[in-house]
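Encoded as structure tokens, the structure appears first; notes follow it.
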Amino acid sequence: MTEIDTREAAWNLLTEYTQSESLRKHALAVEACMRACSKKHGDGSLEAQNLWGIVGLIHDFEYERWPTPEEHPYKGNEILKERGYSDEIRRAIMSHAEYSGVSRDTPMEKTLFACDELAGFITAVALIKPSKSLAEVEVKSVRKKIKDKAFARSVNRDDIVNGARDLGVDLDEHIAFCIEAMKGIASELGLAGQS
């Protein structure tokens, strides 16, 4: 394992480029989902958990500086290449942007796409709960909010639905799985509830 293959290096990269607390929390949420999914859709090894987690953590690391479809994730890809990140990591991150033209072929690439928008949406659902807690978020409340086009308007519903389909999992099952994964880091996400 090289220096850049560590979670610490990935976190440092994220915090170097991302000041927004909500974007950092989004990265943590996607990382948690990816780590959990690596056990289900990957080989389950510690190496896979680390790799998938890093991909989740840095998939939007440069988004705050370069948020347009002309720049994201292309600028990030250049930076990752300069810093010696593997083709596997860079390709997975490129593939999460529907418009990049990079197909999603591996389980890791499909999982990143399936978790990205969903993690953001689950966070939004948790934030409207009285306790602002993931403990209160249920699959049915997420499904109900998916139908409410005015809620979390920037989240692409098609990406959520197509992500689960392309991963070959039932949408409700995938939502439940990601909620559980995020509950594991609820306090880091600020979604452990207000006392």
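The values are calculated or read from the model by the stated rules, or taken from the named source; none is laboratory data. Note that this is a predicted model, so its numbers are computed, not measured. FYI the Cβ positions are ideal-geometry reconstructions off the backbone, even for glycines, and counts take in every protein chain you see. When the accessible area is computed, the model is the full protein with side chains, heavy atoms only, and any ligands, DNA or RNA have been set aside. Shrake-Rupley method; radii C 1.70, N 1.55, O 1.52, S 1.80 Å.
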| task | Please work out which residue is farthest from E136 (Cα to Cα), limiting yourself to the stretch 178-195 and to residues that are open to solvent by 60 Å² or more (accessible area, probe 1.4 Å) and either in contact (Cβ under 8 Å) with a residue 12 or more places away in the chain or among the β-branched types (V, I, T) (or both). | result | E188
| query | Within the bounds of the stretch 75-95, is there any residue that is open to solvent by 60 Å² or more (accessible area, probe 1.4 Å), out of contact with any Pro (no Cβ under 7 Å at 6 or more places or on another chain), farther than 17 Å from K110 by Cβ and not in a helix (DSSP H, G or I)? | reply | yes
| Is there a residue being in contact with a helix residue (DSSP H, G or I) (Cβ under 8 Å, 6 or more places away or on another chain), under 23 Å from A92 (Cβ atoms), hydroxyl-bearing (S, T, Y) and surrounded by 16 or more Cβ atoms within 10 Å (Cβ to Cβ) anywhere in the stretch 120-143? | yes
| task | Please indicate, with yes or no, whether at least one residue in the stretch 42-60 is small (G, A, S), over 28 Å from A176 (Cβ atoms) and open to solvent by 10 Å² or more (accessible area, probe 1.4 Å). | result | no
| Say we look at the stretch 96-109 and pick out the residues that are in a helix (DSSP H, G or I) and open to solvent by 60 Å² or more (accessible area, probe 1.4 Å); which of these is nearest to R35 (Cα to Cα)? | P107
| note | Considering residues that are part of a loop (DSSP other than H, G, I, E, B) and crowded, with 17+ Cβ neighbours inside 10 Å, the number found within the stretch 156-177 is 1
| message | Give me the residue from the stretch 41-62 that is out of contact with any Asp or Glu (no Cβ under 9 Å at 6 or more places or on another chain) and part of a loop (DSSP other than H, G, I, E, B) and, out of that set, modelled with the lowest pLDDT. | response | G44
| remark: Log entry, pairs with first residue in the stretch 103-122 being touching a residue at least 24 places away in the same chain (Cβ under 8 Å) and acidic (D, E), second being assigned to a loop (DSSP other than H, G, I, E, B) and open to solvent by 50 Å² or more (accessible area, probe 1.4 Å), beta carbons closer than 6 Å, six or more apart or on different chains, reads E117/N156
